[in-house]
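Structure, as structure tokens:
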Amino acid sequence: MDKTFKNFKLEIDPQGVAWLALDKADASANVLSYDVLMELDAALTHIESQKPSALVIYSAKKSGFIAGADVNEFTKVTDEASALTLIRRGQDVFTRIETMPFPSVALIHGFCLGGGTELALACRYRVASTDEKTQIGLPEVKLGIHPGFGGTVRATRIMGGVAGLEMMLTGRNFSAKAAKKSGLVDMTAPERHLKTAALSLIKKNAPPRKAGGMRAIAALPVLRGITAGMMRKKTAEKANPEHYPSPFAMIDVWAKYGGDERRMMEEEALSVSRLIVSDTAQNLVRLFQLQDRLKGFSKKNAQPVKRLHVVGAGIMGGDIAAWSALRGLTVTLQDRETKFIAPAIKRAAGMFKKKLKDPRLTQLALDRLIPDPSGAGAASADIVIEAVFEDLKVKRELFARLEPVMKSGAVLATNTSSIPLEEMAAGLARPERLVGIHFFNPVAQMPLVEVVQGAGSGAAALEAAFAYVGAIGKLPVPVKSSPGFLVNRVLMPYLMEAMVMESEGIPAAVIDAAAVRFGMPMGPLLLGDTVGLDICYHVAQVFREKLGAQIPAKLESMVKDGKLGVKSGQGYYDHRSGKVRTAAGPVTAEMKEVTDRLMMRYVNECVACLREGIVADADLIDAGMVFGTGFAPFRGGPLRYARAAGKAALAARLEELRVKYGPRFAPDAGWSAL
């Protein structure tokens, strides 16, 4: 008996197999919202009444199986008790699937994440499509929680304690092949054969998968505590438990209750109910929502970008070209001679090999990246990006050569990090086609790209820029043209303050340790060494000219002496001996003062950018600084942090620092309106 629900459609075939399709109403992707879970429960009641021979759950959406729980509902949970009620409800629904008196199969294509994977784990069998878009994982740790619908119990049972926990602790997504190898799925097949594969598993009727052999040994009581201790230590190397408690909570649940699944299920629910209402989880969920907002800028009705021309084959230009080719664009890369392009092609080949892991796909990507010393590709490109030296005269001369050969609808873009577009547009016949598309180094790792609107930038050019950034899998943030735009404008005072403190005699390692303890991914002095102190100095000169910024005398002398950081082997650290480590140890009064000096400069500049309208609102500043500089994600962004800490208290602290260290700490006028 077939039946249609709001979000599900049920068909029972002549062999008695129930085929349950999830097709969330008014949505492009399936998510497990509360109403979907309740309707699933009702559908299961109906299915049980029909006494089928088996149940197959699949997605009617082309985009994938299930993207996870509805993250927007997380922000509506305000207390542990209500969170616990909701989590236990989800556990009960999935346990119904697991305990049905007939086999169940999850058919997975596209994305299968979070709650979607937990649902699949509750089924007796799982079949995954071999399509390259298939991604299976439990990434809840990235939202400050861990699986709560039985995922920790079932993942460690099916994959083994170590493998299951490692997947959840890293938030790693598996391809179909990797999922099969790990035991996460039972069978893989091309998408067109998924239903046939499901029927074969039902016919075979093998017992549910359970980790055995060496994978099961780690779960034995005598070894579980030792294994958990090792995993805590390994996790602590990457995440501070004070900042990110969820991975450690997950390890504790398994360590204490891994031998008792019923109790472990209860403790899983209690743990998630505590975590989900924490500041860390609420801030990380907010960042997830802000990430979706940034993605939305790329979804306007612009023509798709197919051909890209990049001028400048240095580290930045070469990596922009390589990443764009990796993501499917045809890219021509121009520089003065082929010998200047060759290193970029070599780097690209290494990245393609590492990312694609398939010689055929690697070669196809290389075929899309075309050395072009003559610049012939500029005539057919949809977007031309210049990534040459940060010199206004050089860029203007280049534009004068490029504009006459570009096709009429093409966009002219600059990767400048500090020069206002209005100064660069002088002399252009069509200044409306000029926009900024500012990447951050390293291109392959940094998710954010600033899309810069100059005074004359046209709407069509901006839409094309947003479309391009989205097409290559990056997050665009719209910013107004001004010195340094958003990210560098905020980052530069922070870096300069660190350099001032180092010149005052505070050890570099102490300064960087203070920043890392606050939650930054890397200390400012190590960051300066990594970017290149010559680049920092050059950008600082632009800021001195445009905004009156001060440059520490020591930075200038280090650059003159050739101490440029990683690239020269020496900077604020000696990089010749291998990996640099910053200082650990207890938080001292000195370190607290260092932290305040760093972060007050950082946050004060964010307030100034908001007041000046560099971006449209505070949320975009928070998104830009988290995704562009790695500002402590668990704090939700610099302005979110300022509100949580109390704007009056921070403004007062700035005034104290102004009295002690000078006018650079003067509270910006925007604090009153924050």
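The values are calculated or read from the model by the stated rules, or taken from the named source; none is laboratory data. Please read these numbers as outputs of a predicted model, since none were measured by experiment. Ideal geometry is used to build each Cβ from the backbone, glycine not excepted, and the neighbour counts take in all protein chains shown.
Scanning the range 237-267 for residues that are within 26 Å of the chain's Cα centre (by Cα) and touching a residue at least 12 places away in the same chain (Cβ under 8 Å) yields a count of 10. Taking the conditions (1) surrounded by fewer than 23 Cβ atoms within 10 Å (Cβ to Cβ); (2) modelled with pLDDT of 95 or more in turn, Leu113 satisfies each one other than (1). Only one of the numbered conditions (1) outside any helix (DSSP H, G or I); (2) loosely packed, with under 15 Cβ neighbours inside 10 Å is not met by Ser298, and that is (2).
Looking at Ala269, Ala255, Ala281, Ala302 in this structure, which one is small (Gly, Ala, Ser) and within 30 Å of Arg643 (Cα to Cα)? Of the residues listed, the single one that is small (Gly, Ala, Ser) and within 30 Å of Arg643 (Cα to Cα) is Ala281. For residues in the range 541-569 being among the β-branched types (Val, Ile, Thr) and touching a Ser or Thr at 6+ places or on another chain (Cβ under 7 Å), which is nearest to Glu605 (Cα to Cα)? Restricting to residues being among the β-branched types (Val, Ile, Thr) and touching a Ser or Thr at 6+ places or on another chain (Cβ under 7 Å), the top hit is Val542. I'm trying to understand the selection: among the residues of the range 142-152, which are more than 13 Å from Leu270 (Cβ to Cβ) and over 22 Å from the mean Cα position of the chain (by Cα)? Result: Phe149, Gly150, Gly151. Do any residues in the range 117-135 that are more than 14 Å from Phe174 (Cα to Cα) have Cβ atoms under 9 Å from those of residues that are of a type in the set (Ser, Thr, Tyr) and assigned to a helix (DSSP H, G or I), where the two are at least six apart or on different chains, and which pairs are they? Listed pairs, sorted by first residue: Ala122/Thr95. Out of the residues in the range 39-88 that are loosely packed, with under 15 Cβ neighbours inside 10 Å and farther than 30 Å from His193 by Cα, which is nearest to the chain's Cα centre (by Cα)? The residue in question is Asn72. For the range 478-494, a residue qualifies if it is in contact with a strand residue (DSSP E or B) (Cβ under 6 Å, 6 or more places away or on another chain), surrounded by 23 or more Cβ atoms within 10 Å (Cβ to Cβ) and either free of Cβ contacts under 8 Å to residues at least 60 places away in the same chain or not small (Gly, Ala, Ser) (or both), and the qualifying residues are Val479, Phe485, Leu486.
Is it true that some residue in the range 209-226 is touching a Ser or Thr at 6+ places or on another chain (Cβ under 8 Å), at pLDDT 95 or above and over 20 Å from Pro139 (Cβ atoms)? Scanning the range 209-226, I find no residue that is touching a Ser or Thr at 6+ places or on another chain (Cβ under 8 Å), at pLDDT 95 or above and over 20 Å from Pro139 (Cβ atoms), so the answer is no.
Looking at the range 63-98 only, could you name the residues that are among the acidic types (Asp, Glu) and either assigned to a helix (DSSP H, G or I) or over 13 Å from Gly115 (Cα atoms) (or both)?
Of the range 63-98, the ones among the acidic types (Asp, Glu) are 70, 73, 79-80, 92, 98.
Selection gives Glu73, Asp79, Glu80, Asp92, Glu98.
Among residues of the range 610-651 being assigned to a helix (DSSP H, G or I), modelled with pLDDT of 95 or more and among the β-branched types (Val, Ile, Thr), the one that is surrounded by the most Cβ atoms within 10 Å (Cβ to Cβ) is Ile621. Within the bounds of the range 498-519, is there any residue that is in contact with a His (Cβ under 8 Å, 6 or more places away or on another chain) and assigned by TED's automatic domain parsing to the domain that holds Ala344? Looking for residues that are in contact with a His (Cβ under 8 Å, 6 or more places away or on another chain) and assigned by TED's automatic domain parsing to the domain that holds Ala344, one finds none in the range 498-519, hence no.
Right, Lys210: touching a residue at least 24 places away in the same chain (Cβ under 8 Å), more than 27 Å from the chain's Cα centre (by Cα) and within 16 Å of Gly258 (Cα to Cα) or not?
Numbers: touching a residue at least 24 places away in the same chain (Cβ under 8 Å): yes; more than 27 Å from the chain's Cα centre (by Cα): yes; within 16 Å of Gly258 (Cα to Cα): yes.
Here the answer is yes, as Lys210 does meet what is asked.
Considering only residues in the range 18-38 that are of a type in the set (S, T, N, Q) and surrounded by 15 or more Cβ atoms within 10 Å (Cβ to Cβ), the one that is nearest to Val93 (Cα to Cα) turns out to be Ser33. Looking across Leu462, Leu448, one residue alone is under 15 Å from the mean Cα position of the chain (by Cα), at negative phi and modelled with pLDDT of 95 or more. It is Leu448.
For the range 410-453, residues that are of a type in the set (Gly, Ala, Ser), in a loop (DSSP other than H, G, I, E, B) and either without any contact (Cβ under 8 Å) to a residue 60 or more places away in the chain or in the same structural domain as Ala616 (by TED's automatic domain parsing) (or both) total 4. Kindly indicate which of Val479, Val490 is closer than 30 Å to Lys299 by Cβ, in contact with an Asp or Glu (Cβ under 8 Å, 6 or more places away or on another chain) and either assigned to a helix (DSSP H, G or I) or assigned by TED's automatic domain parsing to the domain that holds Ala623 (or both). Going through Val479, Val490 in turn, the sole match is Val490.
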